[in-house]
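Here is the structure we will look at, set down as structure tokens.
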Amino acid sequence: QMQLVESGGGLVQPGGSLRLSCAASGFTLDYYAIGWFRQAPGKEREGVSNISSIDGSTYYADSVKGRFTISRDNAKNTVYLQMNSLKPEDTAVYYCAVVVVGTWDIVGYWGQGTQVTVSS
């Protein structure tokens, strides 16, 4: 069965770091663009970052530029989101999904999400 599994979330102090993983099973990520999204209680889903399947180009929401880095390891069939200098407003459930290249349009979403809580 095809699925995406997010992991790596947890509780971290402001200014700390986490690395989230999006691992695919049942299919390979080589030919798919992958996006990271987040949703906090009472708020709409927000696109955080995505990475192209064509040329590896990346995009970041203004709120995370300079702090987050998305990367792909095709050998491990995994996409990562390195999150540094975390802020309380980064607190949310983070999801990964297959997206249309260069957009936030989800065409495949199998993850259940991983909770990131930034608090002192």
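The values are calculated or read from the model by the stated rules, or taken from the named source; none is laboratory data. Keep in mind that what you see is a predicted model, and the values were worked out from it rather than measured. Using ideal geometry, Cβ is built from the backbone for each residue, glycine included, and neighbour counts are taken over all protein chains shown. Calculation scope for accessible area: heavy atoms of the full protein, side chains included, ligands and nucleic acids excluded. Shrake-Rupley method; radii C 1.70, N 1.55, O 1.52, S 1.80 Å.
For the structure I just gave you, tell me whether D73 is modelled with pLDDT under 95 and charged (D, E, K, R). Before the answer, list the steps.
Details: modelled with pLDDT under 95: yes; charged (D, E, K, R): yes.
Against the criterion (modelled with pLDDT under 95 and charged (D, E, K, R)), D73 qualifies.
Here is a list of conditions, (1) closer than 14 Å to D90 by Cα; (2) modelled with pLDDT of 95 or more, and C22 meets all of them except one; can you say which number that is?
Every listed condition holds for C22 apart from (1).
If you check L81 against the conditions, is it of a type outside the set (V, I, T), open to solvent by less than 30 Å² (accessible area, probe 1.4 Å) and assigned to a loop (DSSP other than H, G, I, E, B)?
So L81 fails the test.
Would you call G108 touching a residue at least 40 places away in the same chain (Cβ under 8 Å), farther than 12 Å from E6 by Cα and open to solvent by less than 20 Å² (accessible area, probe 1.4 Å)? I'd like the intermediate steps shown before the answer.
On the way: touching a residue at least 40 places away in the same chain (Cβ under 8 Å): yes; farther than 12 Å from E6 by Cα: yes; open to solvent by less than 20 Å² (accessible area, probe 1.4 Å): yes.
Considered against the rule, which asks whether it is touching a residue at least 40 places away in the same chain (Cβ under 8 Å), farther than 12 Å from E6 by Cα and open to solvent by less than 20 Å² (accessible area, probe 1.4 Å), G108 comes out as yes.
Among the residues of segment 88-105, which ones are under 18 Å from P41 (Cβ atoms) and exposed (fewer than 14 other Cβ atoms within 10 Å of the Cβ)? Spell out the reasoning first.
Taking segment 88-105 and keeping what is under 18 Å from P41 (Cβ atoms), we get 88-95.
Passing the criteria: P88, E89.
Go over the candidates V48, V116, V100, V107 one by one and state the one that is of a type in the set (V, I, T) and in contact with a Lys or Arg (Cβ under 6 Å, 6 or more places away or on another chain).
After ruling out the rest, the residue left standing is V48.
Which residues, taken from segment 41-65, are small (G, A, S), touching a Phe, Trp or Tyr at 6+ places or on another chain (Cβ under 7 Å) and at pLDDT 95 or above? Even if it seems obvious, please write down each step before you answer.
Within segment 41-65, the first condition is being small (G, A, S), and the residues that meet it are 42, 47, 49, 52-53, 56-57, 61, 63.
Of the ones still in play, those that are also touching a Phe, Trp or Tyr at 6+ places or on another chain (Cβ under 7 Å) are 47, 49, 53.
Of everything in segment 41-65, those that are small (G, A, S), touching a Phe, Trp or Tyr at 6+ places or on another chain (Cβ under 7 Å) and at pLDDT 95 or above turn out to be G47, S49.
Test R72 against the criterion of being among the charged types (D, E, K, R), surrounded by 13 or more Cβ atoms within 10 Å (Cβ to Cβ) and within 17 Å of G111 (Cβ to Cβ), and give yes or no.
yes
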